[in-house]
Amino acid sequence: MAIIAADIEWRQGLPYSPLFKEFYFPPSTDMDESESVFLQQSELKQRWQSLGKNFHSFTIAETGFGAGLNFLLCSDLWLNTAPKNSVLEFFSAELFPIDKAELAKILSQRPHLCTLSNELIKHYPVPVPGIHNIELFQGRVKLHLMFGDANEMFSSISQSPNQAQAHHNRKPVDLWLLDGFAPISNPALWSSDLLATIASLSDQTTVALTANIDRKTISTVSNNLQSAGFSVESYENNGSPKLRLKASFVGGKSQQSTSDNSSGPSQWHLDKTVRPISLRDHEVAIIGAGIAGCTTAVALAKRGFKVKVIDRHALAGQEGSGNSQAIVYPKLSPRDDVLPRINLRALLFASRYYAPFWQRGLGNQCGVISLPENPKIAEDFIKISQRFSGCDDFVHLLKNDQLCDRSGISLNSPIGLFFPLLGWLPPAIICQQLLEEYRIPLMNIDIDHFNHQQSDNRWNLIDTSGKLAHSTDILVVATAYGCENFEQTNFLPVTQLRGQISKLPAKAKTKSLKTIICGEGYLTPAQDGYHSCGATYNKGLFSTELRAEDHEINIAKMRHTDPGLDAALENLDASNMEGRANFRCTTKDYLPIVGPVPNFSSMLKNFSFLRRDARTDSMVMGDYQPNLYINCGMGSRGLSYAPLTAELLASQISQQIPSLERDLVQGMHPARFLIRDLKKKQL
Ligand SMILES: Cc1cc2nc3c(=O)[nH]c(=O)nc-3n(C[C@H](O)[C@H](O)[C@H](O)COP(=O)(O)OP(=O)(O)OC[C@H]3O[C@@H](n4cnc5c(N)ncnc54)[C@H](O)[C@@H]3O)c2cc1C
């Protein structure tokens, strides 16, 4: 779990790595020239200048982020040459990330890049392993900074560990920058394993460029590249004793060999129908204008799709996403399972996603304090704080006096976790502003059902009066538990779970509350004289009428959370209390449902062998409904999950490499229940 920060020594005024016995940059004065040679070799300028006015994304992947110099140079060139509506996707792996302060010191040596480097430094992520998805330069560049071993990270973003399927139905990487430390000091970045992974994410249009390589090791690198399927040319570099390589992917043995195997890792998550790349000109309709639908609409609009959102209400955010104060709720674990890893990724991304809203005064990034509900959870909190030591900006442990200081009220709890980057938002306003900002139309239709028209490969949407209300190429279902009403999605095991929040009048001792407090329930800082306090869980209750007994439950939860809070809340009368009740859409494993919609009956048939032997790994691919996707099952954490799931779904629809590891993608995949239930013989 722990990330080891780069150890940097300053020698002759330049950053030096004692581990790899090399400078981060060559100790040459002619820095700019050596850097531009690298870019010229790639002919990027000409390629990017000639991109048409339609949306384009260009994917660069790099094997050593270091101080981000290649990233900044590529971004600089992209911003100056590529059309404004297009996006540079830059994946870069780094096992030993440079500390933020050190990074700022290093990049200050490149004053001509200072505007770009300042933005990178501002958004530089906390040192948590995994992929950090960072949108920079007005969204024109996306940095997918992968803290971890390069081979593991690049393998994790491929569609399958089977190399032949690594970019099945997906755009390959356009350009590889192989720029870690020299092969002699850092052989892992030039290994045949990593180069095979690189090859698996490449196609005949992909080019790989290396940094300067010592003549002694160049033949090993060149041979490894050739074995991986690249044809290689070497270049002199202005009289330098080192050489550079330019490798073009031509296809290799490794790509074919695994496809001949009759068994291998499971491929149920892959669509057996081969889809042509780029559906960008196509129309997408999203049913559901809650936080899931609206974030998905924006993620797709940013990728050049023509998006429309449909809802049975005339305004966005009127159902689950309609509370006046919703919390970006933290839920971490000392364990490393899929659920806490997704939660972690979702929280980090959400805190970046909502920052512009908080900056313009919507909601408040006031931080969230989590108080332990029992001694076992207190132990977990200590483990979590140890695990995230060095990530204080994201989470740290507070002792009692610090808790009182931070929260602004007198609490008794000896410890608590503090998440400074989180806060609360008014989700309905966020939904409405997202649609307005990206000019996404909202159509007021109550959809009864939809069906696929094979003749023109479109989805027809029928309203509750039986009329054809809309027709679209690509359809996304973001109707929360409403997915139960559609024939294509009603096999999904979701539950409609009522919840009620209570508006507690601010009291003398609670007015000063500065942060959100979470424990058994949650309490927000007062807004217009009221705190939001929530929420109940009422299974099997389907009314939105407020219930006094539920207000009592909410208040009791906060009283139990901390005796200090109990005292501060004083007497409260639940009989006429204001609040709001609505419904969550929950799933059995507490994770959202995101991705392509399986064709249930055909998947059931094709994967029936799992009933006989659950351990069978087969090369059988899944069968999915044509251009039908879903994003629902947000449970109690829609605000935290939606930005991440929207990005994931948009990358799947646009056939881009997602900013999320494959096991996490599978952890939210709509076909996971079907496969699990077959394995358990429950289907
Ligand atoms: C009391 C309560 C408190 C909560 N507190 C928090 C919190 O503090 N933080 C947090 O992160 N989460 C919280 N949640 C959970 C959160 O509200 C949900 O996870 C989130 O709103 C779900 O968003 P969604 O877009 O999936 O669903 P929704 O917001 O419910 O959106 C679904 C949309 O689909 C539309 N729709 C459905 N069927 C059709 C149809 N057939 N035709 C047309 N339109 C249709 C609906 O009108 C609706 O607008 C709370 C939930 C409740 C109930």
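The values are calculated or read from the model by the stated rules, or taken from the named source; none is laboratory data. The structure displayed is predicted, hence computed values, not measured ones. In this analysis, Cβ positions are derived from the backbone assuming ideal geometry, glycine residues included, and neighbour counts consider all displayed protein chains.
Here are the numbers for this structure:
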read-out	value
Test: residue in region 514-530 that is under 24 Å from L398 (Cβ atoms), β-branched (V, I, T), away from the ligand (no atom under 12 Å from the Cβ) and buried (at least 17 other Cβ atoms within 10 Å of the Cβ)	yes
Pairs where the first residue, in region 637-650, is acidic (D, E) and the second is more than 10 Å from the ligand (Cβ to nearest atom) and part of a loop (DSSP other than H, G, I, E, B), C-beta under 7 Å, 6+ apart	E647/S659
Residue check, P441 in contact with a strand residue (DSSP E or B) (Cβ under 9 Å, 6 or more places away or on another chain) and within 30 Å of K507 (Cα to Cα)	no
Condition met for A567 (assigned by TED's automatic domain parsing to the domain that holds C404, part of a helix (DSSP H, G or I) and small (G, A, S))	yes
Region 285-334, subset at positive phi and crowded, with 24+ Cβ neighbours inside 10 Å, residue nearest to the ligand (Cβ to nearest atom)	G288
Some residue of region 97-104 being within 22 Å of I198 (Cα to Cα), touching a Phe, Trp or Tyr at 6+ places or on another chain (Cβ under 9 Å) and crowded, with 21+ Cβ neighbours inside 10 Å	yes
Cross-chain or 6+ apart pairs with Cβ under 8 Å, region 323-339 first and outside any loop (DSSP other than H, G, I, E, B), then of a type outside the set (S, T, N, Q) and more than 16 Å from the ligand (Cβ to nearest atom)	V338/D663; V338/L664; V338/G667; L339/G667
Enumeration of residues in region 444-468 that are among the acidic types (D, E) and within 14 Å of the ligand (Cβ to nearest atom)	D446, D448, D463
Filtered residue count, region 39-73, keeping only those that are closer than 27 Å to I4 by Cα, free of Cβ contacts under 8 Å to residues at least 60 places away in the same chain and of a type in the set (S, T, N, Q)	0
Residues of region 340-372 satisfying the condition of being of a type outside the set (G, A, S), part of a loop (DSSP other than H, G, I, E, B) and surrounded by fewer than 16 Cβ atoms within 10 Å (Cβ to Cβ)	R360, L362
Pairs with Cβ under 9 Å, 6+ apart, first in region 620-633 and charged (D, E, K, R), second assigned to a strand (DSSP E or B)	D623/D271; D623/P598
Where N85 falls short, out of the listed (1) free of Cβ contacts under 8 Å to residues at least 24 places away in the same chain; (2) part of a loop (DSSP other than H, G, I, E, B)	(1)
Inter-residue pairs, beta-carbon under 7 Å, first in the same structural domain as L628 (by TED's automatic domain parsing) and in region 487-514, second part of a strand (DSSP E or B) and away from the ligand (no atom under 13 Å from the Cβ), 6+ apart	Q488/V597; Q488/Q625; Q488/L628; T489/V597
